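One structure is given here, and the rest of the page talks about it.
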């Protein structure tokens with residue numbers, strides 16, 4: 001087996017509902033993603049917000065940004 005590819009953060013939000021919407025859009029086009037929570041991963045710090053991050057494989061980063069940009073543009077209209 002090869003080494004696991006690095007994952008990169010492509011979207012952040014304070015509300016899980018926003019993360020879930022974007023996660024579904026990415027998964028619908030075949031991009032595997034996972035959610036990380038900075039607060040849960042770093043309990044020794046004192047966060048000012050519970051920032052949730054959506055992470056994808058580094059090879060999917062560009063495509064993920066295109067999909068997220070399209071979603072955000074639609075949301076503004």
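Looking across 50, 46, one residue alone is on the phi < 0 side of the Ramachandran plot, touching a strand residue (DSSP E or B) at 6+ places or on another chain (Cβ under 7 Å), at pLDDT below 95 and not in a helix (DSSP H, G or I). It is 50. Within the range 21-43, being modelled with pLDDT of 95 or more, within 18 Å of residue 7 (Cβ to Cβ) and surrounded by 14 or more Cβ atoms within 10 Å (Cβ to Cβ) holds for 22, 23, 25, 26, 31, 33.
The values are calculated or read from the model by the stated rules, or taken from the named source; none is laboratory data. What you are looking at is a predicted structure, and each value in this text was computed from that prediction instead of being measured. Every residue, glycine among them, receives a Cβ derived from its backbone with ideal geometry; neighbour counts consider all protein chains shown.
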